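Engineer: Input: one structure, supplied below.
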Amino acid sequence: MENTLEIPYTIYIEATPNPASMKFVANKVLINEKGATAEYKNAGETQTAPIAKQLFQFPFVKTVFISANYITITKIDAVDWNDISLELRIFLTDYLNKGNLIVTALPQQEVAIDNTFTETKFISTQHVAAKDEVEAKIIEVLDQYIRPAVEQDGGLITFKELKDGVVTVQMRGSCSGCPSSTMTLKAGIEALLKRLLPDSVKEVVSEAM
């Protein structure tokens, strides 16, 4: 009889450019759907994410971002990573090796459409569909040159729209609220898109998530 022992989950920790966020990387896939991600900003959003619901039981967890094989956790300012990172790594390793559910369905996130907060809309964690060849090229550039590096740092960038030469992107995970994200946006993303699409792109801005 063939021995088919399953490889257990192991978790290692990676720092991100955002000092408030840490990346907990698994040796196996957490979300099977290609390119899918899930972000949770409070316990009320975790009905379809049992693992995120459990993480919010820790009083120092501020947001949870889940991608293919890692979870980016953003903490509150009052605690230091040296005091909590090992506790979180042990919890995640134990949770996953017990076969507990991770994400049962990907979330749709509801955000205000303006600063009055009287109307809302649901957004996806994926790119908005391209309307023309220029938007399709922008999405291609983001996916080929920008997204891998951002994901390496525990974050996510998605294209929202192009209007009057201004490209709006949405940044999540460790990129949300990261002090260096503005520099990345201007020195990296904007410079690249303006060089590749000089007649179409004048500026790149980030929509707060």
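Here is a yes/no grid of residues against (1) buried (at least 17 other Cβ atoms within 10 Å of the Cβ); (2) of a type outside the set (D, E, K, R); (3) modelled with pLDDT of 75 or more:
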position: 148; (1), (2), (3): no, yes, no
position: 155; (1), (2), (3): yes, yes, no
position: 167; (1), (2), (3): yes, yes, yes
position: 193; (1), (2), (3): yes, yes, yes
position: 200; (1), (2), (3): yes, yes, yes
position: 204; (1), (2), (3): yes, yes, yes
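Engineer: Name the residue that is farthest from residue 20 (Cα to Cα), counting only residues in the range 40-65 that are polar (S, T, N, Q) and surrounded by 20 or more Cβ atoms within 10 Å (Cβ to Cβ).
Structural biologist: Step one: filter the range 40-65 for residues polar (S, T, N, Q), giving 42, 46-48, 54, 57, 63.
Checking which are surrounded by 20 or more Cβ atoms within 10 Å (Cβ to Cβ) leaves us with 46, 63.
Working: 46: 21, 63: 10 Å.
If we take residues in the range 40-65 being polar (S, T, N, Q) and surrounded by 20 or more Cβ atoms within 10 Å (Cβ to Cβ), then 46 is farthest from residue 20 (Cα to Cα).
Engineer: So, in the range 73-89, exactly how many residues are within 12 Å of residue 12 (Cα to Cα) and crowded, with 21+ Cβ neighbours inside 10 Å?
Structural biologist: Qualifying residue count for the region: 1.
The values are calculated or read from the model by the stated rules, or taken from the named source; none is laboratory data. All values reported here derive from a predicted model rather than from experimental measurement. Counting neighbours? That spans all protein chains shown, and the Cβs are built from the backbone with ideal geometry, glycine included.
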